[in-house]
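The structure appears right after this line, and notes come after that.
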Amino acid sequence: MSSFAPIPEWDKAVSAIFDSKSVLLLAHVTPDADALGSALGLGLALQGMGKEVQVTVGEVGFTTPESLSFLPGTELIRMPEELNQADLVISCDVSSDSRLGSAKS
């Protein structure tokens, strides 16, 4: 059985989201549907809250695979070299920082 973070930790995360104006979402390199879908879905939700949102997979020259092009929000995807400074960075479906590619820096 897995455990959830204590409530104060969730409160800090929620506060960080509400307090930010711009958010960078990181999905892992060579993203599959759950990585890209979770980043784009969260990105659209944050955009609906009025946040400036960028999504990257940390791969120079990344293009959305045709099999995932149906996902809403692909217009949020940016190349690592195109990223603007963000108030908050959130990783989505990333098991290790080695999977962040060039977005790690």
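The values are calculated or read from the model by the stated rules, or taken from the named source; none is laboratory data. The model shown is predicted, which means the values in this text are computed figures rather than measured ones. Counting neighbours? That spans all protein chains shown, and the Cβs are built from the backbone with ideal geometry, glycine included.
One table, with the values for the structure above:
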item	result
Checking Lys12 against (1) within 20 Å of Ser98 (Cα to Cα); (2) assigned to a helix (DSSP H, G or I); (3) at pLDDT below 95, the condition it does not meet	(1)
In the range 84-105, residue surrounded by the most Cβ atoms within 10 Å (Cβ to Cβ) [restricted to those that are touching a Pro at 6+ places or on another chain (Cβ under 9 Å) and in a helix (DSSP H, G or I)]	Ala103
Only listed residue being free of Cβ contacts under 8 Å to residues at least 24 places away in the same chain, within 14 Å of Leu24 (Cβ to Cβ) and either more than 11 Å from the chain's Cα centre (by Cα) or assigned to a helix (DSSP H, G or I) (or both), chosen from Glu75, Glu81	Glu81
Count of residues meeting criterion [assigned to a loop (DSSP other than H, G, I, E, B) and of a type in the set (A, V, I, L, M)] in the range 63-72	1
Of all residues in the range 63-72 being loosely packed, with under 12 Cβ neighbours inside 10 Å and not aromatic (Phe, Trp, Tyr), the one that is nearest to Thr30 (Cα to Cα)	Thr63
Test: residue in the range 30-40 that is under 17 Å from Leu83 (Cα atoms) and among the β-branched types (Val, Ile, Thr)	no
Condition met for Val60 (surrounded by 16 or more Cβ atoms within 10 Å (Cβ to Cβ), at pLDDT below 95, of a type in the set (A, V, I, L, M, F, W, C) and part of a loop (DSSP other than H, G, I, E, B))	no
Residue within the range 33-54 that is in a loop (DSSP other than H, G, I, E, B) and touching a residue at least 40 places away in the same chain (Cβ under 8 Å) present	no
